[in-house]
Amino acid sequence: MMLERSRHIARIDKTELAEMPASWSPRERGQFLRVLLCFRGIDPRALFRVEYYPHRCCWLLLQEQRAEDRPAPPFLQGDEAFYLQTMTEFRRAARSAFAAAAARSLHFASHGCAYQLPPKPQEATTFDLAKQLGGKPAADSAVHFTAEGGWQSRPSEN
């Protein structure tokens, strides 16, 4: 007996996901996402693979099923969990696609990848701040800084 495979491919544009109103709850968004996938031929109850194409701003969903896999649907999760899991997968696919595109870009190749984070910020005293600004610290300055980073116009009474 030959194993029959069916392949379903669907394109989901970024603008289609942006059409969901912000006032919708995650459950309503999950229902919308399920209906959208069903209309595109993807069974939301079965596994599918997600790829993102950054130059087209779209996701491509691929689902392969063998003939014996179709009758028994797996565990059906709630709409909210489905939305959160699917959007997490969409974001992961988009991040990896953007990283791959950045690695192949001419800008990235010409400037290299030796980027280092700036040094960790350190607390500066008023003397250091005055030294960096080029003046001498005034002992009886009219402005005093508080421990929270704010300033006062008269000396602190603490």
Query raised in the report: Mind checking which pairs have a first residue in region 50-63 that is closer than 18 Å to SER6 by Cβ and a second that is open to solvent by less than 30 Å² (accessible area, probe 1.4 Å) and not hydrophobic (A, V, I, L, M, F, W, C), Cβ under 9 Å, 6 or more apart or different chains?
Result: LEU60/TYR52; GLN63/SER6
Query raised in the report: Hey, among ARG70, ARG104, which residue is open to solvent by 40 Å² or more (accessible area, probe 1.4 Å), at pLDDT below 90 and either of a type in the set (Ser, Thr, Tyr) or more than 28 Å from SER6 (Cα to Cα) (or both)?
Result: ARG104
Report summary line: Picked from region 52-64 (must be over 23 Å from GLN31 (Cα atoms) and touching a strand residue (DSSP E or B) at 6+ places or on another chain (Cβ under 9 Å)), the residue modelled with the lowest pLDDT is ARG56
Query raised in the report: Can you tell me which residue in region 40-61 is most open to solvent (accessible area, probe 1.4 Å), limited to those that are under 16 Å from THR86 (Cα atoms) and outside any loop (DSSP other than H, G, I, E, B)?
Result: ARG49
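The values are calculated or read from the model by the stated rules, or taken from the named source; none is laboratory data. Just so it is clear, the model here is predicted, and its values are computed rather than measured. Note: ideal-geometry Cβ built from the backbone for every residue, glycine included; neighbour counts use all protein chains shown. Just the protein is used for accessible areas: all its heavy atoms, side chains included, with ligands, DNA and RNA removed. Shrake-Rupley method; radii C 1.70, N 1.55, O 1.52, S 1.80 Å.
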